[in-house]
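**Student:** This is the structure I have questions about; it appears just below.
The values are calculated or read from the model by the stated rules, or taken from the named source; none is laboratory data. Note that the structure is a prediction, hence the values are computed from the model and not measured. Note that we place each Cβ from the backbone using ideal geometry, even for glycine, and neighbour counts take in every protein chain shown.
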Amino acid sequence: MKMQSNHDSLFIMLATLYSVLVLSSSQDFDFFYLVQEWPGSHCDTEQGCCYPTTGKPASDFGIHGLWPNYNDGSYPSNCNSSNSFDASKISDLISRMQLEWPTLSCPSKDGLKFWGHEWKKHGTCAESILDQHAYFETTLKLKNKINLLHALEGAGIQPNGQMYSLESITSAIQVASGYTPRIQCNNDTSGNSQLHEISLCVDSMASDFIECPVLPNGRSCGSSVEFPSF
Ligand code: 5GP
């Protein structure tokens with residue numbers, strides 16, 4: 001009987017040690033932010049913007065990135081320089097990326113540099129669960145699960161240059177998606193706070209949205225923000 005319980009406790013100890021080791025080595029991050037950008041707010045700044053070589057993007061939120069994060073608010077970056085971006089691995093996704101993940105930086109570009117930057121800085125930190133193709137395809141899929149512009153418009157919040165309360169923007173996304181977003185603002189050329197980026201949190205398997213474990217203070221928005229046209 002004594003022998004049996006010694007065996008049991010040894011088994012429990014080994015099982016605990018194993019799970020601690022396995023969990024700590026496979027847990028490269030805790031969750032993702034899916035970050036989307038309002039093109040009108042990227043363009044309506046001192047810096048301005050340049051339309052992609054493929055043409056003016058739609059008047060819709062565009063993807064900025066899918067960013068692995070830790071629960072304490074910090075995040076890993078540039079995790080594997082040897083896994084370099086290879087456009088040939090995502091050739092079937094390029095036309096969708098041009099529409100849904102446009103680049104607005106100057107001078108005009110086709111998008112490859114922006115996507116390569118996002119893969120190198122953020123994507124390589126999630127390579128334990130997403131290879132390059134899966135990283136970009138999953139990001140597109142997640143974006144299409146929740147239509148941010150419809151959510152805002154459904155609450156009467158339109159990209160028409162008017163001011164809206166930050167509370168009404170947050171609440172419109174909450175009501176439509178079931179999740180609390182992180183809202184970030186930038187300033188237009190007159191210094192007005194404007195709706196720049198909306199982030200939602202995604203579980204560590206990149207399979208579905210979750211309530212954010214942490215909502216860091218982004219650039220402050222002020223209680224009332226402009227939603228510029230595009
Ligand atoms: P982050 O480092 O925040 O993941 O990505 C921002 C980087 O991507 C910056 O270096 C920025 O110049 C570049 N970039 C290229 N195109 C875009 C764009 O359309 N929107 C944003 N926000 N950044 C872009």
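**Student:** Taking E127, is it buried (at least 16 other Cβ atoms within 10 Å of the Cβ), acidic (D, E) and out of contact with any strand residue (DSSP E or B) (no Cβ under 9 Å at 6 or more places or on another chain)? It would help to see each step written out before you state the result.
**Tutor:** Details: buried (at least 16 other Cβ atoms within 10 Å of the Cβ): yes; acidic (D, E): yes; out of contact with any strand residue (DSSP E or B) (no Cβ under 9 Å at 6 or more places or on another chain): yes.
Yes.
**Student:** Oh, and also: Residue check: is K113 free of Cβ contacts under 8 Å to residues at least 24 places away in the same chain, more than 12 Å from the ligand (Cβ to nearest atom) and part of a helix (DSSP H, G or I)?
**Tutor:** Numbers: free of Cβ contacts under 8 Å to residues at least 24 places away in the same chain: yes; more than 12 Å from the ligand (Cβ to nearest atom): no; part of a helix (DSSP H, G or I): yes.
It is false that K113 is free of Cβ contacts under 8 Å to residues at least 24 places away in the same chain, more than 12 Å from the ligand (Cβ to nearest atom) and part of a helix (DSSP H, G or I).
**Student:** Of the residues that sit in segment 196-230 and are of a type in the set (S, T, N, Q) and either part of a strand (DSSP E or B) or closer than 22 Å to H42 by Cβ (or both), which one is modelled with the lowest pLDDT?
**Tutor:** Residues of segment 196-230 of a type in the set (S, T, N, Q): 199, 204, 207, 217, 220, 223-224, 229.
From what is left, the residues that are either part of a strand (DSSP E or B) or closer than 22 Å to H42 by Cβ (or both) are 199, 217, 220, 224, 229.
Values: S199: 97, N217: 60, S220: 77, S224: 95, S229: 97.
Result: N217.
**Student:** Just need a number here: residues in segment 135-157 that are in a helix (DSSP H, G or I) and free of Cβ contacts under 8 Å to residues at least 60 places away in the same chain.
**Tutor:** Step one: of segment 135-157, the residues in a helix (DSSP H, G or I) are 135-145, 148-154.
Now restrict to residues that are free of Cβ contacts under 8 Å to residues at least 60 places away in the same chain: 136-137, 141, 144, 150-151, 153-154.
Residues that pass the stated criteria total 8.
**Student:** Quick one: count up the residues across segment 58-108 that are closer than 24 Å to S41 by Cα, within 11 Å of the ligand (Cβ to nearest atom) and within 19 Å of the chain's Cα centre (by Cα).
**Tutor:** Result for segment 58-108: 11.
**Student:** Report every pair of residues separated by at least 6 positions or lying on different chains whose Cβ atoms are under 8 Å apart, first residue within segment 43-62 and over 15 Å from I94 (Cβ atoms), second small (G, A, S) and not in a loop (DSSP other than H, G, I, E, B).
**Tutor:** From segment 43-62, the pairs are S59/G40.
**Student:** Taking D92 as the residue in question, decide whether it is more than 30 Å from S224 (Cβ to Cβ) and in contact with a Ser or Thr (Cβ under 7 Å, 6 or more places away or on another chain).
**Tutor:** no
**Student:** For segment 177-195, name all the residues that are surrounded by 18 or more Cβ atoms within 10 Å (Cβ to Cβ), of a type outside the set (A, V, I, L, M, F, W, C) and assigned to a strand (DSSP E or B).
**Tutor:** Those that are surrounded by 18 or more Cβ atoms within 10 Å (Cβ to Cβ), of a type outside the set (A, V, I, L, M, F, W, C) and assigned to a strand (DSSP E or B): R182, Q184, N186, S193, Q194.
**Student:** Collect the residues in segment 44-95 that are among the basic types (K, R) and either surrounded by fewer than 14 Cβ atoms within 10 Å (Cβ to Cβ) or part of a loop (DSSP other than H, G, I, E, B) (or both), keeping them in residue-number order. Step through it out loud before you land on a result.
**Tutor:** Quick first cut of segment 44-95, residues among the basic types (K, R) only: 56, 89.
Matches in segment 44-95: K56 only.
**Student:** Further question on the same structure: Is it the case that some residue within segment 151-169 is under 30 Å from Q47 (Cα atoms) and within 17 Å of the chain's Cα centre (by Cα)? So that I can check it myself, show each step before the final result.
**Tutor:** So the first thing to find is which residues in segment 151-169 are under 30 Å from Q47 (Cα atoms), and the list is 151-153, 156-169.
Next, only the ones that are within 17 Å of the chain's Cα centre (by Cα) stay: none.
Checked segment 151-169: no residue is under 30 Å from Q47 (Cα atoms) and within 17 Å of the chain's Cα centre (by Cα).
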